[in-house]
1. Scan segment 54-61 and give yes if some residue there is at pLDDT below 85, closer than 27 Å to I5 by Cα and exposed (fewer than 15 other Cβ atoms within 10 Å of the Cβ), otherwise no.
2. Checking K9 against (1) out of contact with any helix residue (DSSP H, G or I) (no Cβ under 9 Å at 6 or more places or on another chain); (2) at pLDDT 90 or above; (3) over 22 Å from S80 (Cα atoms): exactly one of these is not met. Which one?
3. Any residue in segment 83-101 that is over 16 Å from F15 (Cβ atoms) sitting within a Cβ distance under 7 Å of a residue that is at pLDDT below 90? List the pairs, counting only those 6 or more apart or interchain.
Amino acid sequence: MSETIILKKKPIIEFQFRDNGFELIDKQSQQNSGFYNYEDIESVDLNKAWFPRLAKWMKILTWVLNGVPYFQDAKSYKKSNIIIHAKTIKIGIVLENPYMADKARKLKKMLDAKNLKN
């Protein structure tokens, strides 16, 4: 089995699935790059960003009430991320846009399925 999921193109964040593990190429954070066995994966957490949506509505509300949006931009606050907990390392990747979040959901499903087989 050989499948590839590209979370981001520039700088590239790519997962290449193999029979016994996956290769992570992460040009954004070199410390994440490497080969990881499926049996070493303990859990995969996909954390959704709730704050940017709230910030958008708060900005609109303050604009309507005050005429000036006082609420800070949501991009400076919490973003969604995917965290892969393995026996020896914790891999964390910030998901910067909806495209990355969609790919991360697929990635989580694939890793969870591989983890159940082991």
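1. No, every residue in segment 54-61 fails to be at pLDDT below 85, closer than 27 Å to I5 by Cα and exposed (fewer than 15 other Cβ atoms within 10 Å of the Cβ).
2. Among (1) out of contact with any helix residue (DSSP H, G or I) (no Cβ under 9 Å at 6 or more places or on another chain); (2) at pLDDT 90 or above; (3) over 22 Å from S80 (Cα atoms), K9 violates only (3).
3. Every condition considered, the pairs that remain are E96/K79.
Per-residue answers, yes or no, for (1) at pLDDT below 90; (2) closer than 24 Å to E3 by Cα:
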position: F15; (1), (2): no, yes
position: F51; (1), (2): yes, no
position: L65; (1), (2): yes, no
position: A74; (1), (2): yes, no
position: L107; (1), (2): no, yes
position: K114; (1), (2): yes, yes
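The values are calculated or read from the model by the stated rules, or taken from the named source; none is laboratory data. This one's a predicted model, so the numbers in the text were calculated from it and none came from an experiment. Here Cβ is always computed from backbone atoms with ideal geometry, including for glycine, and neighbour counts include all displayed protein chains.
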